[in-house]
Amino acid sequence: MSEKVENVVIVGTGCAGLTAAIYTGRANLQPLVIEGVLPGGQLTTTSEVENFPGFPEGIDGYELMQNLRKQAAKFGTRYESGSVQGLDTSKWPYTLKLADREILAKIIIIATGASPRLTGVPGEKELYGGKGVTTCATCDGAFYRKMDVVVIGGGDSAAEEALFLTRFASKVYLVHRRDSLRASKIMADRATSHPKIECVWDSVPVAVEGVGQGAVSGLKIKNIKTEDEDVHAKLMRNYPEVPDWWYWAVFLLFIGLSMATVQVSCSFPSDCVACSAAHYASQVYDTGLPIWALFLSLLIALVYVLPGGFIYAMTSQQLQINLVAE
């Protein structure tokens, strides 16, 4: 055991722990922060944080925690990694027991936060954090506007989360293993009577689908009474329901019609893009082809074809699965 006695030891590196480190550091107490298995806490797994004061445009969760860490270090905070095994407060200074050592401290601040309660089904861990599986509707609900959302649970927390998500989602499936909610009557009545909430009774999650695509595409559930399995809230794209090749076909059709009508024979150097473009435009005008045909084909390319990959990436997470402890 080290004979050195720390003024302040803080267990936890989430918002609460680092805030305590900033305040005690500014008081010249030279705090020591013990980092666990997830330095920065749960916010480091959040892609964007919109409800933290001071960031009107939002901020990446990992970036936010790094900023807090640097701010605390500026005032003399020190960091050490360790797994806390126990705490002895029977005598002063207190003894904090780690896996490989013990630390004496005059003050110990415990800010370990919370850890999400997961169901353990396949695909859940792989798609947790920014890929469609979340444990905080308040944190991430706004990212799933006009999308199908699944909430797993049947208590007050599940009902409250489901009701909150109705502000953004087009439909909320409330999956519960019983035939009625365990929530208080008023919360249960609000959830079951809401037009956007559909209760899926006597069912448990089996697997989260979409691991191969890197984003949630559906939740496979099983009815515990009938043993039937089904995929709920299956992925549906918000963009027009037509195959991707259709956009390319329309684009190429307009280009082909334009080229066939104009029959450009440009004598300008092929590497002179500006000259070639100007000559092509003049030929379009001279042959009487409406100039809007060219612009229409370019518009289709810009709006539908070229950003298609980005559009698909943005709309691929059509399902949020919110895990709530029952």
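Read-outs throughout are calculated quantities, based only on the coordinates presented, and are distinct from any laboratory measurement. Nothing here was measured: the structure is a model prediction, and the numbers come from that model. Methodologically, a virtual Cβ is constructed for each residue, glycine included, from the backbone with ideal geometry; neighbour enumeration extends over all protein chains shown.
Overview of results
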read-out: Separation in nanometres of the label points that stand 7 Å from Cα toward Cβ, at LYS106 and ASN223; value: 6.6 nm
read-out: The range 1-116 shape via C-alpha gyration tensor axes, a/c threshold 1.5; value: prolate
read-out: Of LYS131/LYS220; LYS125/LYS222; LYS4/LYS91, pairs whose Cα-Cα distance is over 22 Å; value: none
read-out: Per-pair calculated FRET efficiency, R0 = 45 Å: ARG167 and GLN66 via Cβ, rounded to 0.05; value: 0.90
